[in-house]
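These notes are about the structure you will find just below.
The values are calculated or read from the model by the stated rules, or taken from the named source; none is laboratory data. In this text the structure is predicted, and so the values were computed from the model without any measurement. When we count neighbours, we look across all protein chains shown, and the Cβ atoms used for this are built from the backbone with ideal geometry, even at glycine.
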Amino acid sequence: MLYKIAKNSAFLQNLAVNIATSIHPSIVHNFGKIEMIKKAIWNCELEEVSGGYFEFGIYEGTSLYAAVKAHKKINSKISRNFYGFDSFDDGFKYFDKRDIHPFFKEGDFISSYEKVKKRFSKFPNVKLIKGYFEETVANGKGADIHGKDKCAILFIDCDLMNPATVALEYAKPLLQAGTIIIIDDYYAYKGDENLGTYGAFHKFLHNHPNIKAREFSDYGYGGKSFIVMKV
């Protein structure tokens, strides 16, 4: 009955469109991101994939907070540590000119390390790593950060190709069958397979043909995830 009324009512159709288009795309995307994290947490629970959650590019920590809460809400039988990597107070920095983008501008996405640290003060299983990835975990650095933890979920949310490449190489020894890799801004840089986070992931799989991954789930506006089948 309601469908028939709406079908023939331009007013109701316009109202629905006005409501839908009034929600900013970034809000829709971020809700999708949270739902994606929940899916990954739950899948790792069902498949009994042990290990930590590693997020590269946490900004103010909202998605990292979502991961911690999603894990807690399901009363998980698996103990997990959560690692958040970000430059925090220093914002974006281009280490590679190919990363230059009209939206991802150098100096943007600055967040307070102390404020984010306070946000997670009640969670002893959360560890924040401050600094550019190129300086904290590149070229074999950072092995002491994760201890014996393998990687259950890897979230690449750093937008640029160079830091995404560093993050992937850092996580490579930690990957296992069942690891979920979430990649934000997958279709940025006009879809160029040699740039952005997609470029980093494409190159990573090419350089490490022993690692096999299949698509897991899409989310929001340009987010994509994969599940590692073989390492």
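Numbers at a glance
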| item | result |
| --- | --- |
| Test: residue in region 1-21 that is of a type in the set (D, E, K, R), assigned to a helix (DSSP H, G or I) and either buried (at least 18 other Cβ atoms within 10 Å of the Cβ) or under 20 Å from the mean Cα position of the chain (by Cα) (or both) | no |
| Qualifying positions in region 84-94 - touching an Asp or Glu at 6+ places or on another chain (Cβ under 8 Å), at pLDDT 90 or above and buried (at least 17 other Cβ atoms within 10 Å of the Cβ) | 84, 85 |
| Region 115-133 residues that are in a loop (DSSP other than H, G, I, E, B), paired with ones that are polar (S, T, N, Q) and exposed (fewer than 12 other Cβ atoms within 10 Å of the Cβ) (beta carbon under 9 Å, 6 or more apart) | 125/79 |
| Conditions (1) touching a helix residue (DSSP H, G or I) at 6+ places or on another chain (Cβ under 8 Å); (2) within 21 Å of residue 163 (Cβ to Cβ); (3) surrounded by 18 or more Cβ atoms within 10 Å (Cβ to Cβ); (4) aliphatic (A, V, I, L, M): number failed by residue 110 | (3) |
| Residue within region 137-149 that is without any contact (Cβ under 8 Å) to a residue 40 or more places away in the chain and under 16 Å from the mean Cα position of the chain (by Cα) present | no |
| Looking only at region 146-157, and only at residues there that are part of a loop (DSSP other than H, G, I, E, B) and modelled with pLDDT of 95 or more, the one that is surrounded by the most Cβ atoms within 10 Å (Cβ to Cβ) | 157 |
